[in-house]
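The structure under discussion appears below in the form of structure tokens.
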Amino acid sequence: MPHADSLISTLVGAFVLAFVFGMLANRLKLSPLVGYLVAGIAVGPHTAGFVADTMLAPQLAEIGVILLMFGVGLHFSPADLMKVRKVAIPGALVQIVSATALGWLLGRFAMGMSNMEGLLMGFALSVASTVVLMRALEERRQNKGEVGRIAVGWLIVEDLVIVIALVMLPMIILTEGETFKAADLALSIGWTLLKVILFVVAMLFVGGKVLPWILVRIAHTRSRELFTLGVLAIALGIAWIAYQLFHSFALGAFLAGLVLNGTPLGHNAAERSLPLRDAFAVLFFVSVGMLFDPMILVERPLSVLGVLGIVIVGKTIAALAITHMFGLDRASGLTVGASLAQVGEFSFILAALGVSLGALRQETHDLILAGALLSISLNPLVFVIMDRLGGKPPNPRKAGEANPATA
């Protein structure tokens, strides 16, 4: 039975330690995400000292997932994606397939995993962190240029694949004792796809008229609190409806953000929801850290190195090959490769779903998290290496020039 103050204790412990370790990571020129994950490890059940409520933390993290996906929808730009579609769409899909295949090979033949567990581990490792990517590009002043557009478009495609996967995986993964029936699976997938299509159409056409009207009415009250509350209610409410229909908060939250993105008040909605997204995103990363057993680094160092090799070496080589095939110059290819040589938030969501469905063991989840922690920490070093190999643009002014491959 949880104590009456367990929510407050969990929030205080999570926020205070996340701030302390986040600041420390920032001083060390690392992503603050590393600090948030370490804060989760510090308050988790696998380390000594204060232990946060392990029942409350995942529920708070679920709100973080909803607001993260809502933010992805709010910042999703079909126009920007179309500008780089010839590189970003096939590039992201080929890299996902490549990393998934590498994960399956490593898991199946080196770690003794089942086919499903190996595939799911590789799939989780194939997705890069939008937060880490944007921070790296902003530091290099490449977020507005050609390389930035390609890398962000690449991540948008990965995010869309993740949204679809979060809806479809519960149907594809069989629980223990279930037998594979192709007809039943096809019927289930077909029915779910039909519901998804109807839901998307309803959101884009009906919601596209109703939600902006609601926001305008709220804006007329001239109350910042009501507007912020309205945005939060829309994000959480639609995510809950999607969960009831498809057992996926992510799809509803993404669509809610996508619909509001195209409205006159979309910018205000993004601005109002940003503090909430930041706060609950921190709780999400802390919650992920709580599930991590750091002993995996001692007990299975070779497995950790194998996972890290897929993320840093495998994904980078795949990105370099793809960008070269589409005619990008060496500097752009190296920068895109370095940008994607890490895994983050959506890898954690996939891994958590895999554990909840019984398709991933806890130690495999720990391997994925170890790969994420190390790859995010090493990402600045990867950029330094890529710069030495010719990845740094010779003139920042040229970063915004168009490339024929993106036309």
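Here are some notes:
- The condition of being within 30 Å of Phe15 (Cβ to Cβ) and either more than 17 Å from the chain's Cα centre (by Cα) or not charged (D, E, K, R) (or both) holds for only one of Leu302, Leu283, that being Leu283.
- Filter result for Arg140 (charged (D, E, K, R) and crowded, with 18+ Cβ neighbours inside 10 Å): yes
- Looking only at the stretch 311-333, and only at residues there that are under 15 Å from Asn379 (Cβ atoms) and of a type in the set (A, V, I, L, M), the one that is nearest to the chain's Cα centre (by Cα): Val311
- Of all residues in the stretch 52-62, exactly one satisfies the criterion of being crowded, with 22+ Cβ neighbours inside 10 Å and under 17 Å from the mean Cα position of the chain (by Cα), namely Ala61.
- Counted residues, the stretch 60-81 - those being touching a Leu at 6+ places or on another chain (Cβ under 7 Å) and among the hydrophobic types (A, V, I, L, M, F, W, C): 6
- There is no residue in the stretch 152-162 that is part of a loop (DSSP other than H, G, I, E, B), hydrophobic (A, V, I, L, M, F, W, C) and either within 22 Å of His247 (Cα to Cα) or open to solvent by 60 Å² or more (accessible area, probe 1.4 Å) (or both).
- Residue ID - modelled with the lowest pLDDT, chosen from residues in the stretch 342-365 that are surrounded by fewer than 21 Cβ atoms within 10 Å (Cβ to Cβ) and among the polar types (S, T, N, Q): Ser356
- Condition broken by Val152, with the remaining ones in (1) at pLDDT 90 or above; (2) more than 16 Å from Val313 (Cα to Cα) satisfied: (1)
- Qualifying residue in the stretch 91-106 (condition: of a type outside the set (A, V, I, L, M), surrounded by fewer than 16 Cβ atoms within 10 Å (Cβ to Cβ), out of contact with any strand residue (DSSP E or B) (no Cβ under 8 Å at 6 or more places or on another chain) and at pLDDT below 95): no
Matching residues to (1) open to solvent by 20 Å² or more (accessible area, probe 1.4 Å); (2) farther than 25 Å from Arg140 by Cβ:
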site	(1), (2)
His267	yes, yes
Val288	no, yes
Ile296	no, yes
His324	yes, no
Ser332	no, no
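- Evaluated against (1) among the aromatic types (Phe, Trp, Tyr); (2) farther than 30 Å from Lys195 by Cβ; (3) at pLDDT below 85, Phe227 falls short on exactly one condition, (3).
- Scanning the stretch 224-262 for residues that are open to solvent by 10 Å² or more (accessible area, probe 1.4 Å), out of contact with any Gly (no Cβ under 8 Å at 6 or more places or on another chain) and either of a type in the set (Ser, Thr, Tyr) or not in a helix (DSSP H, G or I) (or both) yields a total of 2.
- When Thr221 is tested against the conditions (1) in a helix (DSSP H, G or I); (2) at pLDDT 80 or above; (3) surrounded by 11 or more Cβ atoms within 10 Å (Cβ to Cβ), the lone failure is (1).
- Given (1) at pLDDT 85 or above; (2) open to solvent by less than 60 Å² (accessible area, probe 1.4 Å); (3) touching an Asp or Glu at 6+ places or on another chain (Cβ under 9 Å); (4) in a helix (DSSP H, G or I), number of the condition Ala399 does not satisfy: (1)
The values are calculated or read from the model by the stated rules, or taken from the named source; none is laboratory data. Note that the structure is predicted; figures quoted are calculated from it, not measured. Because the Cβ atoms are built from the backbone with ideal geometry, glycine has one as well, and the counts that use them run over all protein chains shown. Just the protein is used for accessible areas: all its heavy atoms, side chains included, with ligands, DNA and RNA removed. Shrake-Rupley method; radii C 1.70, N 1.55, O 1.52, S 1.80 Å.
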